[in-house]
Amino acid sequence: MMDIKLIVTDMDGTFLNSKYEVSPDFPKVYEELKKRDILFVPASGRQMSGITKYFGDIENEIGFIAENGGYVVYKNEEVFADKLSQKSIADIIRTVREIPDARAVLSARESSYYESTDQNFVDYFSQYYIENQKKEDLTQEVDDSVFKIAVYHPVSAEEFLYPALKKFEDEDLVVVVSGKYWLDIMNKHTNKGNAIEKLQKSLNILPEQTMAFGDYLNDIEMLKNAHYSYAMKNAHPSVKEAAKYEACSNDSFGVLETIKTYLNGN
């Protein structure tokens, strides 16, 4: 195994367990990564504040990929930021309104925005989108850079959202199921894989020096840009097909266990 210089991991269903907890071993493992000059980068569909809250003590030392690759920072410096057009946003929101039980969130640089009056949904999505504001009409432009539209369905995003929203893939957008209940819509070239590539090029790191972990469909491009690609035991079958290796489940903190195995020379 070539010397690893970059470790990238998805958050929900991968780095975090089912209770959204970080392994208690992480601080010790991170110190060893730091000693070996290995960059640790969380990569998530969450907004930036929903990721950085887990890494407050080391936020200025590592990189972050938020919004499924729409927003990338390294040591608190912006590397890349994307923006959806207002026309795309308005068209998508109107379609989401036609899907029974669907809810939309605009995820932007400064905040996230929602129009739903369903308090249960607001309480739920606020776990992921820490900074959020209610708007009366999401088809009206907000004074912020919107990277992504996240759409929620309480039963299945793959079954109930994707069939109705996949038509937007013909409009320079990408529509990806990012979890059991969530679907994300972004500009076509926005994904975690392109985000990793931008970091690799800016830091002179090769895919052969990269280790990546994921569990869901929005992680596939990311895994393709890492020679040492791991699907979690709990991963979607398509992710397991895309990855070279398999890690223990997120509830067994498979990311940390795999990293520890590498650090121990096995």
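The values are calculated or read from the model by the stated rules, or taken from the named source; none is laboratory data. If you're wondering where the values come from, they're calculated on a predicted model, not measured in any experiment. Note that each Cβ is placed from the backbone with ideal geometry, even for glycine, and that neighbours are counted across all protein chains shown. Ligands, DNA and RNA are excluded from the accessible area calculation, which covers all protein heavy atoms including side chains. Shrake-Rupley method; radii C 1.70, N 1.55, O 1.52, S 1.80 Å.
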Please enumerate the residues belonging to the range 141-164 that are part of a strand (DSSP E or B) and within 16 Å of Arg94 (Cβ to Cβ).
Val146, Ile149, Val151
Looking at this structure, is Lys19 out of contact with any Phe, Trp or Tyr (no Cβ under 7 Å at 6 or more places or on another chain) and assigned to a loop (DSSP other than H, G, I, E, B)?
yes
Residue hits (the range 73-120; open to solvent by less than 40 Å² (accessible area, probe 1.4 Å), within 16 Å of the chain's Cα centre (by Cα) and not hydroxyl-bearing (Ser, Thr, Tyr)) are Val73, Ala81, Asp82, Val105, Leu106, Ala108
Output for Cβ contacts, cut-off 8 Å, separation at least six or different chains, first residue under 24 Å from Pro207 (Cβ atoms) and polar (S, T, N, Q) in the range 36-60, second open to solvent by 10 Å² or more (accessible area, probe 1.4 Å) and assigned to a helix (DSSP H, G or I), reads Ser44/Asp12
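Residue by residue, here is whether (1) of a type in the set (D, E, K, R); (2) surrounded by fewer than 24 Cβ atoms within 10 Å (Cβ to Cβ); (3) out of contact with any strand residue (DSSP E or B) (no Cβ under 9 Å at 6 or more places or on another chain) holds:
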{"site": "Asn194", "(1), (2), (3)": "no, yes, no"}
{"site": "Glu197", "(1), (2), (3)": "yes, yes, yes"}
{"site": "Gln209", "(1), (2), (3)": "no, yes, no"}
{"site": "Leu217", "(1), (2), (3)": "no, yes, no"}
{"site": "Lys240", "(1), (2), (3)": "yes, yes, no"}
{"site": "Leu263", "(1), (2), (3)": "no, yes, yes"}
Taking the residues in the range 224-234 that are free of Cβ contacts under 8 Å to residues at least 24 places away in the same chain and surrounded by 21 or more Cβ atoms within 10 Å (Cβ to Cβ) as candidates, determine which candidate is farthest from Pro207 (Cα to Cα).
Ala231
Based on what the data block shows, is Lys180 open to solvent by 40 Å² or more (accessible area, probe 1.4 Å) and not polar (S, T, N, Q)?
yes
Only one of (1) at pLDDT 95 or above; (2) surrounded by 20 or more Cβ atoms within 10 Å (Cβ to Cβ); (3) closer than 19 Å to Thr190 by Cα is not met by Phe147, so which one is it?
(1)
Please find, within the range 45-69, the residue that is modelled with the lowest pLDDT out of those that are over 16 Å from Ser111 (Cα atoms) and among the small types (Gly, Ala, Ser).
Gly56
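Answer yes or no as to whether Phe213 is open to solvent by less than 70 Å² (accessible area, probe 1.4 Å), at positive phi and modelled with pLDDT of 95 or more.
Working: open to solvent by less than 70 Å² (accessible area, probe 1.4 Å): yes; at positive phi: no; modelled with pLDDT of 95 or more: yes.
Here the answer is no, as Phe213 does not meet what is asked.
Lys19: out of contact with any Pro (no Cβ under 7 Å at 6 or more places or on another chain), at pLDDT 95 or above and not hydrophobic (A, V, I, L, M, F, W, C), yes or no? Before you say what the answer is, go through the steps one by one.
Numbers: out of contact with any Pro (no Cβ under 7 Å at 6 or more places or on another chain): yes; at pLDDT 95 or above: yes; not hydrophobic (A, V, I, L, M, F, W, C): yes.
Judged against the criteria, Lys19 is a match.
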